[in-house]
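See structure below.
Each reported figure results from applying straightforward, stated rules to the coordinates on display, with no laboratory input. Predicted model, so just to flag it, every value in this text is computed and none were measured. For neighbour counting, all protein chains shown are included, and Cβ atoms are generated from backbone atoms with ideal geometry for every residue, glycine included.
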Amino acid sequence: MKVFISKSQDETIDFGKNYASNLQPGSVIGLKGNLGTGKTQFVKGVAAYFEVNEIVNSPTFLIVNEYVSNIGSNSGLKIFHFDLYRINSPDELSTIGFDEYFNDENSISLIEWSDLAEKFLNKHLKTVTFEYGEEENERIIKTE
Ligand SMILES: Nc1ncnc2c1ncn2[C@@H]1O[C@H](COP(=O)(O)OP(=O)(O)O)[C@@H](O)[C@H]1O
Ligand SMILES: [Mg+2]
């Protein structure tokens with residue numbers, strides 16, 4: 001496990017960019033941690049690496065946002081950004097065809113609150129964990 005101490009929102013975005021540079025199409029990444037620990041900032045970094053045009057915000061009313069990569073080597077790669085915080089039960093995920101997203105080999109999925117959907121996610125899920133640090137703008141980010 002690797003531990004990164006982020007001192008600012010921008011450092012978390014940069015960390016997400018770096019992380020994205022090592023991702024293979026087909027990757028499914030679970031993002032765990034309390035509200036406000038920086039999961040969405042991290043996704044902004046991933047999206048910046050792939051030069052997506054869409055604005056990245058937590059999908060508040062929808063469960064999933066879709067972005068498209070514009071970098072040459074990964075052009076057309078889709079990035080699915082889930083936020084499961086507001087689901088009432090994991091069964092809601094069946095109604096949106098949750099598991100079908102992961103069969104799309106030309107995509108990367110990032111799932112905030114992935115712990116709420118563990119029964120749909122296989123053991124190959126990579127997780128990134130976010131915690132508050134001691135200082136106001138400090139966050140502790142752990143990768144496997
Ligand atoms: N080091 C940091 N990394 C990420 N966000 C930070 C950091 N320090 C302060 N923040 C603030 O914390 C909030 C994180 O929000 P967000 O990424 O939406 O969290 P989450 O998606 O985990 O609920 C933002 O308002 C951001 O400006
Ligand atoms: Mg969020």
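Name every residue in segment 21-65 that is over 24 Å from GLU136 (Cα atoms) and either in contact (Cβ under 8 Å) with a residue 60 or more places away in the chain or among the acidic types (Asp, Glu) (or both), in order of residue number. Scanning segment 21-65 gives LEU23, PRO25, GLY26, SER27, VAL28, ILE29, GLY30, GLU51, GLU54. Scanning segment 121-131 for residues that are away from ligand 1 (no atom under 16 Å from the Cβ) and surrounded by 16 or more Cβ atoms within 10 Å (Cβ to Cβ) yields a total of 2.
Looking across segment 17-40 at every residue that is more than 19 Å from ASP115 (Cα to Cα) and among the polar types (S, T, N, Q), the one that is surrounded by the fewest Cβ atoms within 10 Å (Cβ to Cβ) is identified as GLN24. Can you tell me which residues in segment 116-141 are touching a strand residue (DSSP E or B) at 6+ places or on another chain (Cβ under 8 Å) and closer than 16 Å to VAL64 by Cα? Listed by number, the residues that qualify are ALA117, LEU121. Note on segment 1-10: residues that are away from ligand 2 (no atom under 16 Å from the Cβ) and either β-branched (Val, Ile, Thr) or not in a loop (DSSP other than H, G, I, E, B) (or both) total 5. Among the residues of segment 41-79, just one is surrounded by fewer than 19 Cβ atoms within 10 Å (Cβ to Cβ), of a type outside the set (Ser, Thr, Tyr) and within 11 Å of GLU112 (Cα to Cα), namely VAL64.
From ILE29, ILE13, ILE79, ILE108, grab the single residue that is under 19 Å from VAL128 (Cβ atoms), away from ligand 1 (no atom under 16 Å from the Cβ), within 13 Å of the chain's Cα centre (by Cα) and not in a loop (DSSP other than H, G, I, E, B). The conditions single out ILE108. When we screen GLU100, GLU54, GLU134 for residues that are among the charged types (D, E, K, R), at negative phi and within 13 Å of ligand 1 (Cβ to nearest atom), the only hit is GLU134.
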